[in-house]
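Working notes, structure below.
The values are calculated or read from the model by the stated rules, or taken from the named source; none is laboratory data. Since the model is a prediction, treat every value here as computed from it, not as a measurement. Heads up, the Cβs are rebuilt from the backbone with ideal geometry, glycines too, and the neighbour counts pull from every protein chain shown.
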Amino acid sequence: MTCVHLLLTLVFAVSLGTPVEIQRPRGVPLTKKQFYVENKPFTCLDGSRAIPFDRVNDDYCDCKDGSDEPGTAACPNGSFHCTNAGYRPMFIPSSRINDGICDCCDTTDEYNSGAKCENTCKELGRKEREVLQKMAEITKEGFLLKQHLIEEAKKGQQEKKSKVTDMQGNKKQLDEKVEVLRTVKETAEQPEKEAKERHLKAWEEQKAAIRLEKDKAKMAEAFLFLTDDEDGLLSLCISVSVSELQSHAELDADADGTLTETEAQGLMGGAEQVDTSTFESVWPNIKDKYHSESQPEEPAPVETPPDEVKEPVVVNDSEPYPEDDISEEEDEDDEDEDDYHEDDDKAPPTIKAPEKSHEDEEAMPPYDADTQALIDAAQKARDDFEEAEKALREMDDQIRNIEKELSFDFGPDAEFTYLYSQCYELTTSEYIYRLCPFNRISQKPKYGGSETNLGTWGSWSGPENNKYLLMKYEHGTGCWQGPNRSTTVKLTCGKETVVTSTSEPSRCEYLMEFTTPAVCQEPANTDLSPHDHEEL
Amino acid sequence: MAASRGRWVLLIVLLCVSARAVDRSNFKTCEQSAFCKRQKELKPGQSPYRALLDTLELSDSRITLQLINDNNKVRLLLELYRLQGNMTRVKINELKPLKPRYEVPDVLISDPFTETLSVVSQDENSLVLSLGGKDQRLIVSAQPFRLDIVEGPQVLVSLNSRGLLAFEHLRARKDTISHKISSTVGSMWDSLKSIFSSKSELEQVTEQENVEQRTDEDGQIKEEEDKPGMWEETFKSHTDSKPNGPSSISLDFSLPGVEHVYGIPEHADTLKLKNTDGSDPYRLYNLDVFQYELHNPMALYGAVPVLISHSTDRTMGIFWLNAAETWVDISSNTAGKMMFGKILDFVQVSSEAPQTDVRWISESGIIDVFIMLGPKPADVFTQYASLTGTQSFPPLTALAYHQCRWNYNDQEDVKSVDQGFDEHDIPYDFIWLDIEHADGKRYFTWDPSKFPQPKEMLQGLMDKRRKLVAIVDPHIRVDSGYKIHNEILSKNFYVKNKDGGDYEGWCWPGNSGYPDFTNPEMRAWWASKFAYEQYEGSMENQYVWNDMNEPSVFNGPEVTMHKDALHGGWEHRDVHNLYGLYVQKATADGLVERSGGVERPFVLTRAFFAGSQRYGAVWTGDNAAEWGHLKISIPMCLSLGLAGISFCGADVGGFFKHPSAELLVRWYQAGAYQPFFRAHAHIDTPRREPWLFGPENTALIREAIRQRYALLPYWYQLFYNAHRTGYPVMRPLWVEYPDDVATFSIEDEYLIGKDLLVHPVTDEGATAVTAYLPGKGEVWYDVHTFQKHDGEQSLYIPVTMSSIPVFQRGGSIICRKDRVRRSSSCMENDPYTLYAALNSQGSAEGELYIDDFHTFNFEKAKQFVHRHLSFSANTLSSRNLAPDSQFSTASWIEKIVIIGGSQPSSATLKNADGTESALEFEFDSTLAVLTLRKPGVNAAADWTVILR
């Protein structure tokens, strides 16, 4: 290997049909040819030193910047230039010279390795031109489509904006209407209320007389019941003690579930014990709530709202709700972490339909005609009011939706608007992927199973010069022992709007490729011939 | 994809609740391992064993003696051998065991050569044998029985001096025998006959003698009481049926004058073994430990029962050849406490001297121990290598950089990672495929959708002169549609469960069978499966990785196989630690065979045993992206090297968790200077190819890998020497500086060979390291700056993120290939640069080894170049170390750098043919570095450079 490696290359390049012959040391680009002058000392390009010209490409690194060995692998930081006539010229690290691997399509990097390289530049050039041609066509058509998209989007936006304006005007009217109807309703409800109260009062009085008789009988029974326990001294000491009352939690005043001693004492007028005579004064305190133990549990009163039913006043061994309810709620809380329980049967909370109260055995008599008329009038006013209010709510929703849509960044020319509220699917061997731009991405097993959220719309996240080339969807379903799933959508110019591929390059970080005309750039020029000229 | 994988992992977790969680309680302590507990109950004291000197039999190669346990009258047979190369072998077995006890096969490379053991003197209580030169004697004391090896007045090692020899003889099960038979010998024998009626006549005779033996002397059978766990043992939900009952063995060794012991890998612990008083003993039991902890004596994936002792006086080794579960207790003591009897005639007792006591306990098998008497570290390496063989000589490419991940998803992924390396101009040789590459974890197959064209992929790599490793684990999916399973089934090659059916356990593919690798026919069949026509889609640039070969059984006791599973006639209990070695051996054999015996194999294994060095590389298993794990990789690999396994590395970056960029860079810098250099990552971690951490870190990683590639000639030469001699490649400092006590516990730096000292940065945010440069009168040169430092000092070295503190020893010549290319194969014919670092006498020497880098021709056809390079008296010359070898290389000498010399007035190159030429040179006077320009001589030639 002591032989001198100063091999000069003869390059035949074609430009404007005229063959030109150029001589320069191996691996030197034309732009630097002037620094390598035969038989003159060579100065390292960093100016660090000068060496005799026969040490250029002599397979020993003399220059720190590697510039004396453009055509050998001697310098660790050198680079080799291949002309690649017919294709594009390029630089390769000089460590790839004669390493047995064909890097330059013109084979010039493997001049002494025994590697059998074929000149593939023409073929590559042809293919590249084809690709560029195709790309250009796509870009061109895509760009046209994009113009339409922009127009439509602008039109749409305009429409929506004016619609919002219109709606806001209408809304004002509606607002007023609601206020008017509210007044009408309230006006109608006042006489209704008074008439109803009158009716009720009359009936109450009638009922009171009957009840008084019944009550007396019941008090006697209750007193006996409350005193018949523990001591067996029924006949000797007919009295009710605080502790005995405490066993009746239904008498609990503050509804905390227990009847405290103080509360019980309160019911008994502060006395520790009462006898038959004093029980008469206690009885009114407890009779409304007192449940006879000999009777089955009274159902909750009709007017109790369902929420309160969950906190039964009566401490009872039999849980009124199945355990499922509680776990069901928990499931919903951590649904994000666990997508395998979707199939769990969602047993609806079994709220007992309240039965008709026994108390109402004597039904209230029907309203008289006048009262009924007032009620009907009020009802109509109520209905009218509610209808108007509902219309107002709906209009609010519509306005909000349109405003939300208008607030999205649909690109500099709103060219991405058309993707809004659309979804695009890609089916692979295992999964169906679904991209709903500006909304979410999901993955669903092809052969059954629950859907996995691969991320909801986050932001545009392309490079600074064009952030609209990448979309980021974040905070998808969590991974086992891993992060929440997220997806990057890479947008490329295409005539069609299609998801072309998906992959998971890193655990739970997905990559989706998506073509759309919306990213097609205006074709720069029509000259498709590649960089033949660069060289000369 | 992720969803299904998540679900699947969940499934595994549910199926093996105990198996895959970070939990110490999944693994036994000594207290929970019945035999260890029983053995530990025996405290040091007077041994019940007595040597029956009148049973002495002496032959040329060995002496035998019977030992009797005076408590139970069971007799043992002691065999003593003097082995060539200054070793003593001590074997103890039952004289007449109820059935044969397991003796470990296939670990020793041959029957060790013996030397004559002659009786020097004998009296009624002792026997003195000569071990040859230097007054070495082996003293057998009869009552209590003990062995002492002495040299002149020094006791080197004593056996059973603490009376911990314990041999649980095989016995008949009481619940099946003692309740049924009378206490008279006659009727007992009748009963025994009926129980063993299926056995051959010969065995019956043996058994008869056996019974007689136990009843002679004072005519009484000393029945020992059953202790818990002798006949059945339950750990967590697993029951070990123990049909053979108790069978454990134990023996103690005392090492007077010794304070430092090393070895017995694999443990995530310090290089210097710790005193285990008050803690569990070190455990040797190959286990798949999920997310292992640092600094404790728990068992890990591999086991090499070799302990090295070192003091300024002597280096010795104890090789305990037993493949069953083993515990090693280490305690400090003071010498002289246990001296009495005959040996007092020989030795001077100093009760002040330190002493280390070591006790080995194994669950079954026999006592077969090799005492390697040194005296120098190199002697111990030679001795151990003569028993179990040396490091296999890997193809050069295996020493380069490996890029691994669980998993590279598909062919496209492989291609883009491959391109990524080229785009970022980072060299690499191997890309690795983990379990997901196979079709449903059916090894030897490819996932049809992810890797539809494996040959196309392999060809693509081959075009870049790169390689691939695909994993092949030993658990085989039980699946009637899987050819490999069907063949194993039809050949009856699976390990059996205690009831004789095929053993099945859970592993990656789900329900799996485990081929019986202890069966040589099975191994031959396995090897044949690597033939190109058998392993579809494989090519010659595809190599293999054996993982999970402890074996790992997710739903087994301690995540491994049941001890009562059967390998032919032997229990898994007997062979456990050997299983992984056999897997790697069979695989390596397969790779050799597929090339017609031409190509050197490369197989990575996780489980290993003594002798595994012969079959390839080992890594330290599933570590984590933590600074502590980076640090521990050094002592872990040093310990393996001391035990013969040089080709060791840790997952660069850490397997579990996500490393910071700083940790990753530091790990690359450390890994570049460890023998096996592979980055690996768990499937749940974010991607971490070298270019994903920003351009600065990419550049740092690139530089670390390039340093590795430039040094490949040195690594290759060291592996060649390791292959020839058994010397470790990566060495603790004390190996080369055995008299310097300051080096004995150092584990944050080490030597590569003897000429490079490496102190990697292993602390987060480090701004400096303090490296100890050993050797009085030695000089060390920073390999990056050529700065000179004196030896025997602690050197404070400021560091930046680009620093990898490495020093070249003055007195050495190291050959590098400074033209780093994209793979090591591409550098095959590149020229060498010689770095001669002069010592204080102005001289240096080194070696250069070259061959074809991948075949066995270096061995079979002596096709290699081995040169000795020396510089002294201003003359540098290259001399042939192997005149009978032949190899021609295209490589030449492009540059010679002489560090620490003076400026000459001329430099002349003299060729072998006598021609002379002047060499141009440059001299840097501030650093005293002389660079000779382009000698241009062929690397295989004789030549001399004279400086004037």
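Applying the criterion of being closer than 19 Å to A:ALA414 by Cβ and within 20 Å of the chain's Cα centre (by Cα) to the residues of the stretch A:469-484, the residue that is farthest from the other protein chains (Cβ to nearest Cβ) is A:MET471. Of all the listed residues (B:ALA704, B:ALA766), the sole one being outside the structural domain of B:LEU848 (by TED's automatic domain parsing), surrounded by fewer than 23 Cβ atoms within 10 Å (Cβ to Cβ), aliphatic (A, V, I, L, M) and more than 20 Å from B:GLY791 (Cβ to Cβ) is B:ALA766. Taking the stretch B:806-924 as the region of interest, the strands (runs of 3 or more DSSP E) fully inside it that hold 1 or more residues being of a type in the set (D, E, K, R) and more than 30 Å from B:ALA771 (Cα to Cα) are B:865-872, B:875-880, B:893-899, B:907-911, B:916-918, B:921-924.
Would you point out which residue out of A:PRO76, A:PRO89, A:PRO70 is more than 16 Å from A:PRO29 (Cβ to Cβ) and either touching a residue at least 40 places away in the same chain (Cβ under 8 Å) or surrounded by fewer than 19 Cβ atoms within 10 Å (Cβ to Cβ) (or both)? Please lay out each step first, then the result.
On the way: A:PRO89 fails: more than 16 Å from A:PRO29 (Cβ to Cβ); A:PRO70 fails: more than 16 Å from A:PRO29 (Cβ to Cβ).
Exactly one of A:PRO76, A:PRO89, A:PRO70 is more than 16 Å from A:PRO29 (Cβ to Cβ) and either touching a residue at least 40 places away in the same chain (Cβ under 8 Å) or surrounded by fewer than 19 Cβ atoms within 10 Å (Cβ to Cβ) (or both), namely A:PRO76.
Quickly run through the stretch A:107-135 and pick out the residues that are surrounded by fewer than 20 Cβ atoms within 10 Å (Cβ to Cβ) and within 30 Å of B:ALA890 (Cα to Cα). Selection gives A:THR107, A:GLU110, A:TYR111, A:ASN112, A:SER113, A:GLY114, A:ALA115, A:LYS116, A:CYS117, A:GLU118, A:ASN119, A:THR120.
There is no residue in the stretch B:782-797 that is more than 14 Å from every other protein chain (Cβ to nearest Cβ), assigned to a strand (DSSP E or B) and closer than 21 Å to B:TYR716 by Cβ.
For the stretch A:491-513, filtering for residues that are closer than 20 Å to A:SER459 by Cβ, away from every other protein chain (no Cβ under 14 Å) and in contact with a helix residue (DSSP H, G or I) (Cβ under 9 Å, 6 or more places away or on another chain) leaves 2. Look at B:SER825 and say whether it is within 26 Å of B:SER392 (Cβ to Cβ), small (Gly, Ala, Ser), within 14 Å of another protein chain (Cβ to nearest Cβ) and under 32 Å from the mean Cα position of the chain (by Cα). Yes; evaluated as a whole, the condition is true for this residue. Step by step: first the residues of the stretch B:414-446, then only those that are of a type in the set (D, E, K, R) and more than 29 Å from A:SER79 (Cβ to Cβ), then the one that is farthest from the chain's Cα centre (by Cα). Which residue is that? Here the answer is B:ASP439. One residue stands out among those in the stretch B:466-521 that are among the β-branched types (Val, Ile, Thr) and in a helix (DSSP H, G or I): the one that is farthest from B:PHE451 (Cα to Cα), which is B:ILE488.
Against the conditions (1) closer than 26 Å to B:LYS585 by Cβ; (2) outside any helix (DSSP H, G or I), B:ALA398 satisfies every one except (2). Against the definition (under 24 Å from B:ALA650 (Cβ atoms), at pLDDT 95 or above and of a type in the set (A, V, I, L, M)), how does B:ILE361 come out, yes or no? Answer is no for this residue. Restricted to the stretch B:646-689, and to residues there that are touching a strand residue (DSSP E or B) at 6+ places or on another chain (Cβ under 9 Å) and of a type in the set (Lys, Arg), the residue that is farthest from B:GLU703 (Cα to Cα) is B:LYS657.
Please tell me if B:LEU838 is assigned by TED's automatic domain parsing to the domain that holds B:LYS895, under 17 Å from B:TYR720 (Cβ atoms) and of a type outside the set (D, E, K, R).
Working: assigned by TED's automatic domain parsing to the domain that holds B:LYS895: yes; under 17 Å from B:TYR720 (Cβ atoms): no; of a type outside the set (D, E, K, R): yes.
Here the answer is no, as B:LEU838 does not meet what is asked.
Yes/no per residue for (1) surrounded by 17 or more Cβ atoms within 10 Å (Cβ to Cβ); (2) aliphatic (A, V, I, L, M):
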{"site": "A:LEU419", "(1), (2)": "yes, yes"}
{"site": "A:GLY449", "(1), (2)": "yes, no"}
{"site": "A:HIS475", "(1), (2)": "no, no"}
{"site": "A:GLY482", "(1), (2)": "yes, no"}
{"site": "A:VAL499", "(1), (2)": "yes, yes"}
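Condition check ((1) in a loop (DSSP other than H, G, I, E, B); (2) under 30 Å from A:CYS520 (Cβ atoms); (3) within 14 Å of chain B (Cβ to nearest Cβ); (4) at pLDDT below 95) across all residues:
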residue	(1), (2), (3), (4)
A:SER95	no, no, yes, no
A:ASP99	yes, no, yes, no
A:ASN112	yes, no, yes, yes
A:LYS116	yes, no, yes, yes
A:ASN119	yes, no, no, no
A:LEU124	no, yes, no, no
A:GLU128	no, yes, no, yes
A:GLU137	no, yes, no, yes
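Out of the residues in the stretch B:444-458 meeting the condition of being more than 14 Å from chain A (Cβ to nearest Cβ) and touching a strand residue (DSSP E or B) at 6+ places or on another chain (Cβ under 7 Å), tell me which one is surrounded by the fewest Cβ atoms within 10 Å (Cβ to Cβ). Step by step, filter the stretch B:444-458, then rank; the result is B:THR445.
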